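Each remark here refers to the structure printed beneath this line.
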Amino acid sequence: MATQHSRSAARWMIAPAVFVLLVWMLIPLCMTLYFSFADYRPMRATFEPWIGFDNYVSFLTSSSFLDSVVTTLQMVGGILCITIVGGVLMALLLDKPMFGQGVVRILVIAPFFVMPTVSALVWKNMFFNVDNGLFSYAYSALGLQPFDFLSQAPLFSIIVIVAWQWLPFATLILLTAVQSLDSEQLEAAEMDGAPALSRFRYIILPHLSRAITVVILIQTIFLLSIFAEIFVTTNGAFGTRTLTYLVYQRVLESQNIGLGSAGGIIAVILANIVAIFLMRIVGKNLD
Amino acid sequence: MARAVSTQKKVMWTALAWAFGLLLFFPILWTFLTSFKSEATAIADPPVWFFFDWTLENYTAVQERSNYPLALTNSIIIAVGSTLLGILIAVPAAWAMAFVPGKRTKDVLLWMLSTKMLPAVGVLYPLVLLAKWLGVLDSRILLIVVLMLINLPIIVWMLYTYFREIPGEILEAARMDGASLRNEIIYVLTPMAVPGIASTILLNIILAWNEAFWTILLTTVDAAPLTKFIASYSSPEGLFYAKLSAASMLAIAPILVMGWFSQKQLVRGLTFGAVK
Amino acid sequence: MGRITLEKVQKKFGDVEVIPPLDLEIDDGEFVVFVGPSGCGKSTLLRLIAGLEDVSAGEIRIDGQPATDKPPAKRGLAMVFQSYALYPHMSVRKNIAFPMKMAGMDQEEQDRRIAKAAQALNLTDYLDRRPGQLSGGQRQRVAIGRAIVREPAAFLFDEPLSNLDAALRVGMRLEISELHNTLETTMIYVTHDQVEAMTMADKIVVLRAGVIEQVGSPLELYREPRNVFVAGFIGSPKMNLITGPSAGQHGAQTIGIRPEHLDVVPSGGTFTGTVGVAEHLGSDTFFHVHVDGLEEPMTVRADGEVSLHHGDTIHLEPQPDKIHRFDADGLRMA
């Protein structure tokens, strides 16, 4: 169907998109790569273009790097656990026959559309605040000592905020997957005498496994670059400094560009490892 | 066949689902209620629910803050601008990939998606440097371009999946019916593509509106959108819960409405077709 | 007028020759059916005629005029697609009007033709609906309506009934045949279903792997299949094809006997076997008989009143003048 003529026209139509993305990827990334081998600290007017792998060595061996990796893993892992388990349960619940299903869906999906800075601030002040937050009222109403979430359990607090934002995403995608399950399969299992729990274990869960994998991969990629929620709540203090945040601080706060760039490259490499798995799944589904 | 479900069971599921739905929605509801309270009522102990003197004073107060109108304007310009610019670049590309697929189409598409997965911090400093060098730091145009670039892969992807759903037989039918290429595009292709383009625009405005890395780090005042404006509330200034709530509601309300309309596109746009 | 001539028409996809050079003559007003198993090139051949695919070599003429290089829009043909290919964003009325609008026909004439087509196809009540609101059969009618208003030189149908359920298919089959009787326009119809081919066609073109195996009227194909492939493809239930000593007795490599040309006799007979499955249709009964010495069971079409059951012994005698003989190349022997 496609002639030679339409082929070359097609190439011209794709060219602008490819070009801008190529520029966007290559130029800044090459600059980061370049800086990562330099001792560049503008505040002290230091610029030495080649110091080998020193930045990488000092970034990787610093305790803050290891801490940040641990923090990142805890944060991402915690959020993933909550959103996947919660998402599967919510998806199964929303798939049940009920009144006002559309409205419930809207209520559940809403948090995803809340601006990250808004949700961070609302949770920080109106829920977690030790003096005036709702949780403190609830604690004192139950006769307990109010708990200062953000200073005593900062990592947990941020996990709650972000999980609240991403639970709708997981729910929505898993609900799509649940609804694509052939009901005859479930009925066949019922005829075969499988109780509800076994049907979940042997039919629903395997059917959802693909969707769960996709949710995990996509969320991981987005969650690795959580920024606003930390920026607004703890500013990286109290053990909430993730790798992303550490690089941000090295680059923009302490203005150690060389060190920060080395950290940036490491972050890119780590994200790419996750991305490869995601791209495989997407690629398989493309045809 | 769906089985008839007893009303009793249905009521039970309804109660359970509504309970969880309201629980998840509660922070937004609470923000909404607080935005109509006076500052004193907002921190009352015990908390006040529905029965208080509803007031609009917080909304007025927020509007009067010097930078709110500017932030709102910036948000609109940046979100809409970056989306439209992205659409302009993406429509021809997605069109060509969907209707004249070549051997490498799939690779190009996947490569585009992979750029979306590049962590922002990896290119943070060079971008700040380039922006300074070009003199566009804290400008709307910078954010329009940057947000366009980070969302372009999603725009291309969504359009591609929509265009691909247009069956080839319909285009052949138009050709058999005597339509010239021009008429084929005007009467058949465009009307069938418009819904897809519209939902792509909707979802990308939402994504751009809520973007909170580049908008915070690349702006100071002049180009600061609502994300940054709200972040400025993080340093408390006396009693401010009610005003914070009002500002928050103003920032999220339009997007919530748009979001509810684009639920279905969300799955398509953010999973890259990996979940159907 | 709709006389279509194909001369040495060939189609290659890359290096793969899907249709080796072939000649075909379709007369004005004829109802021609291209039939063959899936992948035999029948749809490709239709699309070559339509102009949706470019021929690799050879020439197509419509009413004597060369059409090989004309775009589909200029060939004066109308096509009904397997998926109907209705424009989902247009009402039924606009769908039907589309080709006339493209031709720049004046509004009055358009309305007149739409009304006429809608009445002929029972669509008058549905003109303002969208295709999405119609049933499969109605969509099919709209697709036909869109084709007839153009008053084309010929209609092309690409497996138009395969998306309909069995009952509707029989009804639509009749409607299309009736349409052909009324319009007396050339129709080219592609199907893999030999029943559709037999019931509708003036002329059947049997294709296999891009090659025309036989061209003829349904009865010619039934009575004198040119080779084993056509013999096996045309007719339902399928012809019994027998090789080995039984065929040797007739001096042939293969002999073919249609199920309806085998008589059940009380004793003796050329073939003796046991009844496997018996399918009682009321008017007829089909017996699947396991005959000693033959690998495949034979199918016999008997009167509906014959009562034999699974496991019974049956004696069969072919009608002598209805035995088809084929040589080692599978070709019919005189």
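The values are calculated or read from the model by the stated rules, or taken from the named source; none is laboratory data. Everything numeric here is computed off the predicted structure, so don't read it as measured data. Every residue, glycine as well, gets a Cβ built from its backbone with ideal geometry; the counts of neighbours run over all protein chains shown. What goes into the accessible areas is simple: the full protein's heavy atoms, side chains included, and nothing from ligands, DNA or RNA. Shrake-Rupley method; radii C 1.70, N 1.55, O 1.52, S 1.80 Å.
Take C:ARG61 and decide whether it is more than 22 Å from the chain's Cα centre (by Cα), touching a residue at least 12 places away in the same chain (Cβ under 8 Å) and within 14 Å of chain B (Cβ to nearest Cβ). So C:ARG61 fails the test. Step by step: first the residues of segment A:170-181, then only those that are facing chain B (nearest Cβ under 7 Å) and open to solvent by less than 20 Å² (accessible area, probe 1.4 Å), then the one that is nearest to A:VAL122 (Cα to Cα). Which residue is that? My answer is A:LEU172. When A:GLY193, A:GLY236 are screened for being more than 9 Å from chain B (Cβ to nearest Cβ), without any contact (Cβ under 8 Å) to a residue 24 or more places away in the chain, at positive phi and open to solvent by less than 20 Å² (accessible area, probe 1.4 Å), only A:GLY236 passes. Which residue pairs have Cβ atoms under 6 Å apart, sit 6 or more places apart or on different chains, and have a first residue in segment A:81-102 that is closer than 19 Å to B:VAL267 by Cα and open to solvent by less than 70 Å² (accessible area, probe 1.4 Å) and a second that is of a type in the set (S, T, N, Q) and part of a helix (DSSP H, G or I)? Sorted first by the residue in segment A:81-102, then by its partner, the pairs are A:GLY87/A:THR171; A:MET90/A:THR171; A:ALA91/A:THR171. Given the criteria closer than 30 Å to A:ASP54 by Cβ, out of contact with any strand residue (DSSP E or B) (no Cβ under 7 Å at 6 or more places or on another chain) and in contact (Cβ under 8 Å) with a residue 24 or more places away in the chain, does A:THR213 qualify? It is false that A:THR213 is closer than 30 Å to A:ASP54 by Cβ, out of contact with any strand residue (DSSP E or B) (no Cβ under 7 Å at 6 or more places or on another chain) and in contact (Cβ under 8 Å) with a residue 24 or more places away in the chain.
Scanning segment B:81-108 for residues that are touching a residue at least 12 places away in the same chain (Cβ under 8 Å) and facing chain A (nearest Cβ under 7 Å) yields a total of 5. Scanning segment B:161-178 for residues being closer than 15 Å to C:MET90 by Cα and over 33 Å from the mean Cα position of the chain (by Cα) gives a total of 3.
Hey, any hits in segment C:140-148 for a residue that's within 20 Å of C:ILE62 (Cβ to Cβ), assigned by TED's automatic domain parsing to the domain that holds C:ARG173 and either open to solvent by 20 Å² or more (accessible area, probe 1.4 Å) or touching a Ser or Thr at 6+ places or on another chain (Cβ under 7 Å) (or both)? Yes, segment C:140-148 contains at least one residue that is within 20 Å of C:ILE62 (Cβ to Cβ), assigned by TED's automatic domain parsing to the domain that holds C:ARG173 and either open to solvent by 20 Å² or more (accessible area, probe 1.4 Å) or touching a Ser or Thr at 6+ places or on another chain (Cβ under 7 Å) (or both). In segment A:258-271, the residue that is farthest from A:VAL76 (Cα to Cα) out of those that are more than 7 Å from every other protein chain (Cβ to nearest Cβ) and open to solvent by less than 80 Å² (accessible area, probe 1.4 Å) is A:GLY258.
With the structure loaded, tell me whether A:GLY78 is assigned to a helix (DSSP H, G or I) and closer than 30 Å to B:TYR233 by Cα or whether it fails that test. Here the answer is yes, as A:GLY78 does meet what is asked. Counting the residues of segment C:126-163 that are part of a helix (DSSP H, G or I) and either in contact with a Lys or Arg (Cβ under 7 Å, 6 or more places away or on another chain) or at positive phi (or both) gives 1. The set of residues from segment C:91-117 being among the aliphatic types (A, V, I, L, M) and more than 8 Å from chain B (Cβ to nearest Cβ) comprises C:VAL92, C:ILE96, C:ALA97, C:MET100, C:MET105, C:ILE114, C:ALA115, C:ALA117. Being under 19 Å from the mean Cα position of the chain (by Cα) and polar (S, T, N, Q) is not true of B:ASN183. Summed over segment C:52-70, the residues that are touching a Leu at 6+ places or on another chain (Cβ under 8 Å) and open to solvent by less than 10 Å² (accessible area, probe 1.4 Å) give a count of 1. Considered as a group, the residues in segment A:239-256 that are of a type in the set (S, T, N, Q) and in contact with a helix residue (DSSP H, G or I) (Cβ under 7 Å, 6 or more places away or on another chain) include one that is nearest to the other protein chains (Cβ to nearest Cβ), and that residue is A:THR244.
Screening A:ARG280 with (1) facing chain B (nearest Cβ under 10 Å); (2) part of a loop (DSSP other than H, G, I, E, B); (3) surrounded by fewer than 18 Cβ atoms within 10 Å (Cβ to Cβ) gives one miss only, at (2). Counted as qualifying within segment C:246-310 are the strands (runs of 3 or more DSSP E) with 3 or more residues that are buried (at least 17 other Cβ atoms within 10 Å of the Cβ), namely C:254-257, C:271-280, C:284-291, C:298-303.
Of the helices (runs of 4 or more DSSP H) that lie entirely inside segment B:1-102, those containing 1 or more residues that are over 17 Å from B:ALA246 (Cα atoms) and open to solvent by 30 Å² or more (accessible area, probe 1.4 Å) span B:7-34, B:68-99.
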